[in-house]
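The values are calculated or read from the model by the stated rules, or taken from the named source; none is laboratory data. What you see is a predicted model, and the numbers here were worked out from it, not measured in a lab. Here the Cβ is made from the backbone with ideal geometry for all residues, glycine too, and neighbour counts use every protein chain on show. Side chains included, ligands, DNA and RNA excluded: accessible areas come from the protein's heavy atoms. Shrake-Rupley method; radii C 1.70, N 1.55, O 1.52, S 1.80 Å.
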Amino acid sequence: MQTKVENNKAWFLVMPVFLIVAFSAIIPLMTVVNYSVQDIFDPYTRYFVGTEWFKQVMLDSRLHEALLRQFIYSFTILIIEVPLGICVALMMPTKGRGASLALILVAIPLLIPWNVVGTIWQIFGRADIGLFGAFMNGLGLDYNYSSNPTDAWLTVVLMDVWHWTPLIALLCYSGLRAIPEVYYQAARIDQASRWAVFRYIQLPKLANVLVIGMLLRFMDSFMIYTEPFVLTGGGPGSSTTFLSQSLVQQAIGQFDLGPAAAFSLVYFLIILLVCWVFYTTIMNMQKDK
Amino acid sequence: MASITLNALAHTYTENPTKPEDYAIREMTHVWEQGGAFALLGPSGCGKSTLLNIISGLLKPSNGEVLFDGKRVNELKPEERNIAQVFQFPVVYDTMTVFDNLAFPLRNIGVPEYKVKSKVYEVAEILELSEQLKRKAKGLSADQKQKVSMGRGLVRDDVSAILFDEPLTVIDPQLKWKLRRKLKQIHEQFNITMVYVTHDQLEASTFADKIAVMYNGQIVQFGTPRELFENPAHTFVGYFIGSPGMNFFEAELKSQGEKEALMFGDHEISVSDSMLARLKNMGANKVTLGIRPEFVHVWDGKNDDAFPVDVDYVEDLGTYKILSFLFHGKVMKARLSEDQKVPSGQIYVSFPEQWTKVYVDEYLVDLTAHSSEDDMNKETDHAN
């Protein structure tokens, strides 16, 4: 009878991956977990507080408001950016010099650092020196993003649409280019209308890139920090204070590391949950039957 | 349903064509009669698909016209030509059910839903897709998908013609013949003009009544499978049709005293006197002779009328054997029947006069040209 030889060398082969994941995800995350269940004054003075911080965070009405604001914000920009991105992609030329030119033009906003985007819009939106602000006021509207919450929202949303619609557009553009010509030919022979071509050929073939695009846009917008921070600083009042900014205020402004850690974990779980629900729903919708 | 006429048609992809090689389709005039099943056969890159796309209107020809039932359709878009086309790779609308896929062309032209329903059920029945009607098209196998794309062509009543662009390329071999038979059946049932593009001679000859062989952007012969086999009009047809293709060798017309003779080295190849007279008339000194391996006569013993040749090797293909031999330094092939003894060393072969074809500048010198054309006309009269 042959006995199986135990060979533990295989573990060494897994080690590098384990180490990388440990350093990149597990260890930082565990630090946060560590803070979220203890009250730490200095490295030698610490008290275990259990779920205390989590309770506090869950009951904090400021965070509730920020969370609601965050959801409305992410939802709004998805509603605008996805259809707009598809439209831009459909209108982009497919051949020749025009195609390269369009690609470069569309990609430009993506190349600008986030804090610069905030600065650009901060100036662009000012009524005294900014084109956009001056234009709005020229129309007779009393536009002022630093005193009117609606105007602040409008500007933050507009900034995000300007900055990130190109991402959706580029993803869709590549998706559209991947559709074989023969599909369009078949559609012509079937006498399909332009809408039918979009609905039954282009949209289904774009589904996969759109899922990726929407996930990326959801995660990024849900974590947005830099641009609104530079543009409005979360104001006026707290009308454009999103979750990240609340977190930073708590952790760095007030140095409440315990609640901030608990908050981080909840924040992380919300993103994970929403992405998971979104992804599984879409994937199930695509399945046969 | 319509007859399709190509009138002085030519197409080029280059902007300023100067020489014949610049043309993907060289000027041709050709008629596909109403209700026929035709194949367009040729090697990759000979212009078959280009020609098909010109007929369906996906491509605009650079010169000449396309006529459906005598009416010029050059200016009509594919959607206005009422043509169905099945592509090499099956095109289905993934997110729709099979039913919706088949209904799609009808709904696009605003056919009332009750008619759509009956028509789709009818076509699904013919294509054996009834069971799959409620399924999403995405999950179908390749052959079912291809049937769906065919079905989209069949649901419309008034379709002028169905064009097939190598539709069986992605289908498993055992399903190929089944689908091909289905096509044939559909053709008999609907009496629609069908043009079937392929590079497979077997596919072409099992599907079509008449095959157009295309080579370098030209239709070099249009005839029944039998005509293509027995009387190739162009050396390419001889080479491309048949397995293995025709044997070709160069011969020279020489005068021997009073008489003319076709000489291959020291050997005189026998052809009819009228052929010799014709060649002399044409002033052709060098000709290409072609004979099919099936018609090369291999003698069992020594024969004074036959040429002595050396056996190179014999390939056993199961039901028959292919003999390769060296005739005056030229490798040629002959097909041996099952019961024929396998020769070796020096053997004797002869080329029956009837099956020795003479080509000048790649084209057949056909002494019976007129009578065979009459035959063709008779055939088409019959078909109509």
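A few remarks follow.
- Computed Rg/Rh of segment B:244-373, alpha carbon atoms with Kirkwood Rh: 0.99
- Using only side-chain charges placed at the Cβ, +1 for Lys and Arg and -1 for Asp and Glu, the dipole size of chain B relative to its Cα centre rounds to 1620 debye.
- Reachable aspartates and glutamates from B:Lys302, criterion Cα separation under 15 angstrom, eight or more residues apart if same chain: B:Asp310
- For the set B:Val349, A:Val14, B:Val314, solvent exposure ranked by accessible area (probe 1.4 Å, protein chains only) runs largest to smallest as A:Val14, B:Val314, B:Val349.
- Computed E for B:Phe89/A:Thr76 - FRET, C-beta separation, R0 30 angstrom, nearest 0.05: 0.15
- The B-A contact accounts for roughly 2000 square angstrom of buried accessible surface, both chains included, probe 1.4 angstrom.
- Global dimensions of chain B from alpha-carbon coordinates: Rg and Dmax equal 24.8, 83 Å.
- Each residue, A:Val17 and A:Ile108, gets one label point 7 Å from its Cα in the Cβ direction; the gap between the two is 4.5 nm.
- Placing +1 on each Lys and Arg Cβ and -1 on each Asp and Glu Cβ, with no other charges, gives segment B:205-313 a dipole about its Cα centre of roughly 500 debye.
- Rg/Rh for segment B:55-190 stands at 0.98; both radii use Cα atoms, and Rh follows the Kirkwood definition.
- Taking 7 Å steps out from each Cα toward its Cβ at A:Arg177 and A:Cys275 produces label points 2.7 nm apart.
- Using the rule -39500 (n - 2.57) for each DSSP H run of four or more residues, divided by the residues of chain A, the 222 nm mean residue ellipticity is -22500 deg cm²/dmol.
- Computed over the Cα atoms of segment A:154-289, the ratio of the radius of gyration to the Kirkwood radius (Rg/Rh) comes to 1.13.
- With all protein chains modelled, accessible area of B:Val31 [1.4 Å, Å²]: 70 Å²
- Computing FRET efficiency as 1/(1 + (r/R0)^6) for B:Val311 and B:Ser274, where r is the C-beta to C-beta distance and R0 is 41 Å, gives about 0.75.
- Positive-end residue, the protein assembly as shown charge dipole about Cα centroid, Cβ charges, pick of A:Leu78, B:Gln85, B:Leu279: A:Leu78
- log10 of Debye I(q)/I(0), alpha-carbon scatterers only, for the protein assembly as shown at 0.05, 0.07, 0.12 Å⁻¹: -0.46, -0.74, -1.25
- In chain B, the DSSP-assigned H stretches of four residues or longer account for a calculated mean residue ellipticity at 222 nm of -8500 deg cm²/dmol, using -39500 (n - 2.57) per stretch and the full residue count as denominator.
- Screening chain A for DSSP H helices whose Cα atoms reach 20 Å or more along their own axis and whose mean Kyte hydropathy is at least 0.5 gives A:61-91, A:96-111, A:149-177, A:203-222, A:257-286.
- Relative to the longest principal axis of the Cα atoms of chain B, the long axis of helix B:173-190 lies at roughly 70 degrees.
- FRET efficiency for B:Thr14 and B:Leu202, using Cβ-Cβ distance with R0 set to 56 Å, rounded to 0.05: 0.95
- Pair B:Gln189, B:Asp157: separation of 7 Å Cα→Cβ label points (nm): 1.7 nm
- Most to least accessible of B:Val220, B:Val331 (protein chains only, probe 1.4 Å): B:Val331, B:Val220
- Rg followed by Dmax, in Å, when segment B:1-96 is reduced to its Cα trace: 14.3, 48
- Segment A:208-262 shape via C-alpha gyration tensor axes, a/c threshold 1.5: oblate
- Of the whole protein surface, A:Leu269 contributes about 100 Å² of accessible area at a 1.4 Å probe radius.
- Per residue, the protein assembly as shown exposes 52 Å² of solvent-accessible protein surface, assessed with a 1.4 angstrom probe and all protein chains in place.
- Aspartates and glutamates whose Cα lies under 17 Å from that of B:Lys254, excluding same-chain neighbours fewer than 8 positions away: B:Asp266, B:Glu268, B:Asp273
- Shielding by partners - mean other protein chain Cβ count within 10 Å, residues of A:188-201: 6
- Hull-based mean projected area of segment B:163-205, where the convex hull spans the alpha carbons, in square nanometres: 2.9 nm²
- Given in Å, the Rg to one decimal and the Dmax to the nearest whole number for the Cα atoms of segment A:60-286 are 20.3, 67.
- Among A:Ile20, A:Ile77, A:Ile179: highest mean-square fluctuation, GNM of chain A, C-alpha pairs under 10 Å: A:Ile20
- Per-residue surface analysis assigns B:Arg26 an accessible area of about 50 Å², computed on protein heavy atoms at 1.4 Å probe radius.
- Net charge dipole size for segment A:3-104 [Lys, Arg +1 and Asp, Glu -1 on Cβ; Debye, nearest 20]: 520 debye
- Projecting the Cα atoms of A:Phe124, A:Asn137, A:Val88 onto the dipole axis of chain A, where Lys and Arg carry +1 and Asp and Glu carry -1 at the beta carbon, places A:Val88 farthest toward the positive end.
- Helix B:98-108 axis, angle to chain B major axis (alpha carbon atoms, nearest 10°): 80 degrees
- Accessible heavy-atom area order of A:Thr281, B:Thr193, highest first, probe of 1.4 Å: A:Thr281, B:Thr193
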